[in-house]
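J.: Encoded as structure tokens, here's the structure I'll be asking about.
A short reminder: the numbers here are calculations on the coordinates, not readings from a lab. This one's a predicted model, so the numbers in the text were calculated from it and none came from an experiment. With ideal geometry, Cβ positions are generated from the backbone for all residues, glycine too; neighbour counts draw on all protein chains shown.
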Amino acid sequence: MSQSVRVEKLSFHYNNDTRWILKNVSFEICEGDVVGIVGPSGVGKSTLCYCLKGIIPDVIPGNLVGNVWIDNINTRQVSAGKIAEHIGIVFQDPESQIVGLTVEEELAFGPENMEEDPAEILSRMPVLLDLVGLGTFRRQETYKLSGGQKQRLAIASALMMHPKILILDEPTSELDPVGREEVYQAVRNLKEKGVTIILVDHHIEEMLDVVDRLLVFEDGMLVEDSKPRDFFQRDLTGKYTWLRRPQVVQVGSMLHSAGVAKGFMNPLEEEFIEELREILASGNAPDSVAAGGER
Amino acid sequence: MPSGYSLYIDRPSFLHQKIDPRTKTFMLVATFVLSLLFNGPIPLAVMFGLLLAASRWGMVPWPLVRVLLMTGIWFIALSVLIWPWYVREGSDLFRLFGVWITSDGVLFGIAMGLRVTIMVMVATLWMFTTSPQKITASFLKMGLPYKAGMAVGSSIRLVPLIAGEWATIVEAQRSRGVDYSQGGLLSRAKKSVQILGPMLLRSIDIAQALAIAMEARAFGSRSGRTSITEVRLVSLDKWVMGFGLVVIGFGVFCRIHGIGVLLRNYL
Amino acid sequence: MATDAMPHIEFDQVSFRYDKSTPFVIQDIRLQIYTGDFVALIGQNGSGKTTLAKHVNGILKPSLGQVLVNGRASQAYKRLEMARLIGYCYQNPDHQIFSQTVEAEVEYGPKAIGYTPEKVKEQSAAALELVELTHRRKVHPSMLGRGERQRLAVASILAMGVSTLVVDEPTTGLDFVGVTRIMDLLASWNSRFNTTIVIITHDISVVADYIPRVVLMAQGRVLLDGPTADVLQSFGELKEAAIRPPQVTRIAHALNLLDGTRSIVRVPELVEALLQRR
Ligand SMILES: Nc1ncnc2c1ncn2[C@@H]1O[C@H](COP(=O)(O)OP(=O)(O)OP(=O)(O)O)[C@@H](O)[C@H]1O
Ligand SMILES: Nc1ncnc2c1ncn2[C@@H]1O[C@H](COP(=O)(O)OP(=O)(O)OP(=O)(O)O)[C@@H](O)[C@H]1O
Ligand SMILES: [Mg+2]
Ligand SMILES: [Mg+2]
């Protein structure tokens with residue numbers, strides 16, 4: 001399959017600060033893949049997103065070494081506005097990405113720039129508004145939305161452009177749990193349609209059953225590129241301490257150190273429950289063991 | 001809390017909904033021209049009165065109208081203080097610091113104050129009733145580059161954006177104990193001045209963020225742009241613009257014949 | 001929950017709307033918060049959490065009813081008086097950060113409420129240390145990432161050392177270390193200094209692990225108010241409020257472990273129940 005994204009020996013620092021934020025990062029993403037990105041706060045995840053989106057170096061200046069190709073276009077060679085036709089984004093901060101005065105204007109902004117037919121643009125709105133639970137807010141002024149509602153709007157606005165590649169930089173940080181679930185469901189649907197997705201999130205549990213790959217960043221470097229399934233099926237004691245372990249993983253490792261679970265348990269909720277059922281049914285391990293394990 | 005990026009508030013008023021932004025822009029210019037053609041207090045006062053009525057008609061909220069009125073009074077007072085020192089025409093009223101203050105001087109001061117007030121008011125009315133989105137759309141319709149339209153639209157947003165920032169910072173400072181309604185005039189002014197620096201710098205940040213957000217959604221990627229906002233010149237617009245032209249013609253006629261003009265050799 | 005005679009903060013049938021022409025955003029809120037309470041405010045996006053929280057220190061004034069702080073209407077307080085009593089941390093850090101350097105931002109509050117210069121320095125340095133921003137103290141806040149700005153916002157409220165804190169989604173966008181630090185700190189202040197804390201969050205496992213009392217909101221009303229374990233196991237009400245119970249609670253439910261004799265909202269509780277069941 002062809003490549004959607006290619007990052008080659010990418011290093012970067014901002015103009016006003018000589019610390020290198022990204023250090024010699026290389027990876028490729030195939031068309032239709034969903035890739036999760038995790039790393040401690042301040043490691044440069046958002047900076048990487050800006051690079052993929054061509055905002056660095058076109059709009060935000062800095063020292064960029066190496067190359068980024070999006071749909072085989074080198075981001076250095078075209079404007080960020082042009083690249084935007086190939087790759088969509090939901091930024092981390094819900095507030096500063098809103099340009100429209102009303103929800104409707106906000107949704108239309110992208111497609112209008114791509115010279116789409118107004119009637120077609122309008123017809124797309126109701127579906128997407130329902131998808132993000134803002135069905136009744138179409139005429140609302142954007143500054144009157146709550147934090148989470150703004151984030152929902154940002155997601156809908158990005159989807160209005162039917163991007164082939166989509167970056168989601170912590171898209172659910174201010175959403176309620178059901179909203180988060182809905183967004184991940186939407187991601188699954190997009191995946192089915194073959195959209196390439198790059199997903200940044202501190203909550204890894206929802207990510208696990210959507211992504212095909214997990215990229216782990218530490219100290220500006222890409223330190224691991226693994227299958228999500230394998231990620232927790234090993235001893236992570238003392239490693240990635242910034243990463244929140246999903247509750248199932250915590251339970252699994254406590255059961256493991258209690259001698260109840262033999263190997264590493266499956267981190268996906270449904271399969272985890274199945275494994276627990278088996279353990280409860282077999283029931284032949286020691287009863288009381290100090291439940292330690294890591295958090 | 002930020003009060004949005006624009007002064008524009010969608011209202012069901014006639015001015016908001018029924019009149020094309022191009023017509024409104026035309027009338028804005030017409031009012032400017034008209035206020036420059038007359039320099040006597042009476043025609044300007046009449047225009048001022050009509051504008052006040054139009055503000056109510058355009059559902060401009062009362063607090064804003066009040067602010068405009070206060071500014072107007074301030075402008076008039078200021079210009080009554082200034083003009084009489086320069087204007088020698090008319091009958092002498094009294095002597096102040098060795099200069100004779102004349103009746104025309106005072107009247108001309110009032111007229112000039114009114115003129116500035118009218119300009120500020122009509123501009124506000126225009127901003128309040130014309131959505132930036134529609135301005136951009138109408139630029140598109142006229143075949144002008146839409147980026148220019150956006151530039152106009154965005155700069156209109158700048159004023160309220162700064163006002164919104166101001167409100168945000170004031171609220172944040174209040175919740176940490178700064179009280180703007182306490183203290184003397186001087187200390188209040190000081191508190192306000194202290195906000196200016198951070199506010200301007202933050203406005204730059206916001207402008208940068210806005211630019212990023214716009215580029216991120218393909219702004220400027222094509223030479224054209226479509227718009228879901230429909231702008232259409234209907235016959236009503238033609239009548240209004242025609243009326244504007246007639247009034248300007250009338251204004252020019254009056255100017256030539258000195259009607260409503262207090263001092264001929266002043267603008 | 002401490003039970004003084006008088007609540008520290010009391011909502012007496014409070015309703016609020018942003019505009020006379022729009023519907024009420026919060027309605028008929030009755031709520032009592034006592035000194036030393038540690039309360040989580042949870043609920044759907046747009047359910048009115050932020051709006052309610054802004055009433056606690058009088059940023060917003062009720063349209064109907066009243067908010068009493070130590071028995072006195074919130075409106076009756078002077079700004080300075082209120083700021084010495086209650087610290088408020090905004091949901092969006094950019095709504096509160098306005099200084100030119102990280103350090104100046106943290107020092108702003110303590111200065112404004114009139115601490116001595118030494119105390120200002122001392123408390124600000126300590127707060128910056130807590131959120132791990134000491135090495136960034138000289139930079140302009142716009143040079144920080146979103147997570148760092150979030151931490152800065154929290155630090156500048158912590159530095160004020162007030163006895164009541166209202167924090168709106170303080171752990172948004174933070175990694176595990178950041179979340180743990182802030183929550184450990186709030187919990188320890190609550191237990192050591194009896195600091196009253198109202199926290200808004202969507203992170204249900206944080207609620208389960210740290211916070212003893214939960215107020216559940218839905219559509220501008222308080223749906224449930226009670227001990228965390230009870231609220232987080234009320235599947236019906238949670239569903240109504242678009243909140244999912246913690247993962248361990250869902251698993252316990254699926255395995256029929258919730259027999260009413262114990263509560264399972266945290267990891268060790270599920271592990272214990274599993275070990276016992278075998
Ligand atoms: N405009 C800027 N100028 C200078 N430095 C910046 C700028 N934006 C971000 N940084 C710095 O770059 C580093 C990486 O920031 P970035 O926002 O990419 O991190 P992140 O991994 O996305 O973190 P988070 O999890 O908090 O979102 C941070 O240390 C930040 O302070
Ligand atoms: N300034 C405002 N003017 C008018 N309506 C507003 C304003 N701010 C918020 N609202 C509306 O009031 C309702 C409650 O908003 P609030 O911010 O209190 O929600 P919230 O529970 O904090 O949500 P979130 O979890 O998304 O932060 C929402 O429907 C929102 O659209
Ligand atoms: Mg980030
Ligand atoms: Mg909120």
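J.: Using the Cβ atoms and a cut-off under 15 Å, what net charge is assigned to the surroundings of residue B:121, where Lys and Arg are +1 and Asp and Glu are -1?
T.: +4
J.: Treating only the Cβ of Lys, Arg, Asp and Glu as charged (+1, +1, -1, -1), what charge dipole size does segment C:1-133 show about its Cα centre? Round to the nearest 20 debye. Walk me through the numbers on the way to the answer.
T.: Numbers: 13 positive and 15 negative charges, 123 e Å.
That gives a dipole near 580 debye.
J.: So, one more: Within a 10 angstrom radius of each residue's Cβ in C:43-56, how many Cβ atoms of other chains show up on average? Whole number is fine.
T.: Across C:43-56, the average partner-chain Cβ count within 10 Å equals 4.
J.: Set Lys and Arg Cβ to +1 and Asp and Glu Cβ to -1, take the dipole of the protein assembly as shown about its Cα centre, and tell me which of B:126, A:189, A:5 lies farthest positive.
T.: B:126
J.: Cβ under 15 Å from residue A:194's Cβ, residue A:194 left aside: what net charge do those residues give with Lys, Arg +1 and Asp, Glu -1? It would help to have the intermediate numbers written out before the result.
T.: Working: positive: A:164, A:188, A:191, A:193; negative: A:31, A:33, A:71, A:192, A:212.
Neighbourhood net charge equals -1.
J.: If you fit an axis through the alpha-carbon atoms of helix A:177-192 and take the longest principal axis of the Cα set of chain A, what angle between them do you get, 0 to 90°, nearest 10?
T.: It is inclined by approximately 70 degrees.
J.: Highest mean first, what order results for B:110-123, B:202-215 on Cβ atoms within 10 Å?
T.: B:110-123, B:202-215
J.: What is the dipole size for segment C:14-60, taken about its Cα centre, with +1 at each Lys and Arg Cβ and -1 at each Asp and Glu Cβ, in debye to the nearest 20?
T.: Rounded to the nearest 20 debye, it is 100 debye.
J.: So, one more: Please name whichever of C:201, C:131, C:224 sits farthest to the positive end of the charge dipole of segment C:114-242, dipole taken about the Cα centre and charges placed at Cβ: Lys and Arg +1, Asp and Glu -1.
T.: Selected residue: C:131.
J.: Compute the distance from the alpha-carbon center of segment A:77-112 to that of segment A:193-237, in whole Å.
T.: When both Cα centres are located, 26 Å separates them.
J.: In debye, nearest 20: dipole of chain B around its Cα centre with unit charges on the Cβ of K, R (+) and D, E (-)?
T.: 400
J.: Using the Cα centre of the protein assembly as shown as origin and beta-carbon charges of +1 (Lys, Arg) and -1 (Asp, Glu), tell me which of A:279, C:252, A:50 is placed farthest towards the positive end of the dipole.
T.: A:50
J.: Shifting gears a bit: Ignore the peptide's own chain and count Cβ atoms of other chains within 10 Å of each Cβ in A:244-254; give me the average, rounded. Could you put the intermediate results ahead of the total?
T.: Values: counts 9, 2, 2, 13, 5, 1, 8, 8, 1, 2, 7.
Mean shielding count: 5.
J.: Pick from A:239, A:193, A:262 the residue whose mean-square fluctuation is largest in a GNM of chain A, springs joining Cα atoms under 10 Å.
T.: Among A:239, A:193, A:262, the largest GNM mean-square fluctuation belongs to A:239.
J.: Moving on. Other chains' Cβ within 10 Å of A:39-46 residues: what's the mean?
T.: 5
J.: Also: Report Rg (one decimal) and Dmax (nearest whole number) for chain B, counting Cα atoms only, units Å.
T.: 22.2, 67
J.: Remind me, what semi-axes does chain A give for its equivalent ellipsoid, largest first in whole Å, using sqrt of 5 times each Cα gyration tensor eigenvalue?
T.: 37, 25, 16
J.: Let me ask something else. With Cβ to Cβ distances under 13 Å as the rule, what net charge do the other residues near residue A:7 carry (K, R +1; D, E -1)? Before the final figure, lay out each step's value.
T.: On the way: positive: A:6, A:9, A:23, A:53, A:76; negative: A:8, A:28, A:225.
Its environment carries a net charge of +2.
J.: What does the protein assembly as shown give for Rg and for Dmax, in Å, if only its C-alpha atoms count?
T.: Final numbers for Rg and Dmax: 30.6, 115 Å.
J.: Sticking with this structure for a sec: Tally the DSSP beta bridges in the protein assembly as shown and give the antiparallel ones as a percent, rounded to 5.
T.: Close to 55 percent.
J.: In addition: Could you sort out which of A:227/A:262; C:49/C:111; A:150/B:141; A:144/B:141 sit more than 27 Å apart by Cα distance in this structure?
T.: Among A:227/A:262; C:49/C:111; A:150/B:141; A:144/B:141, the Cα-Cα distance tops 27 Å for C:49/C:111; A:150/B:141; A:144/B:141.
J.: Normalised by the number of residues in segment C:9-232, what is the relative contact order in percent for Cα pairs under 8 Å and 6+ residues apart?
T.: Rounded, it is 28 percent for segment C:9-232.
J.: Measuring from the lowest to the highest alpha carbon on each principal axis, how far does segment C:199-278 reach, largest first, in angstroms?
T.: 44, 23, 18
J.: Using DSSP, restrict attention to beta bridges with both residues in segment C:9-232 and report what percent are antiparallel, rounded to the nearest 5.
T.: Details: 18 of 36 bridges.
Of all bridge pairs located within segment C:9-232, approximately 50 percent are antiparallel.
J.: Using the Kirkwood radius over Cα pairs, work out the Stokes-Einstein diffusion coefficient for chain C at 25 °C and 0.890 mPa s, in µm²/s as a whole number. If you can, show how the numbers build up before the last one.
T.: Values: Rh = 19.7 Å.
Estimated diffusion coefficient is 125 µm²/s.
J.: Go ahead and set up a Gaussian network model of chain A, Cα springs under 10 Å, then flag whichever of A:279, A:87, A:73 fluctuates most.
T.: Among A:279, A:87, A:73, the largest GNM mean-square fluctuation belongs to A:279.
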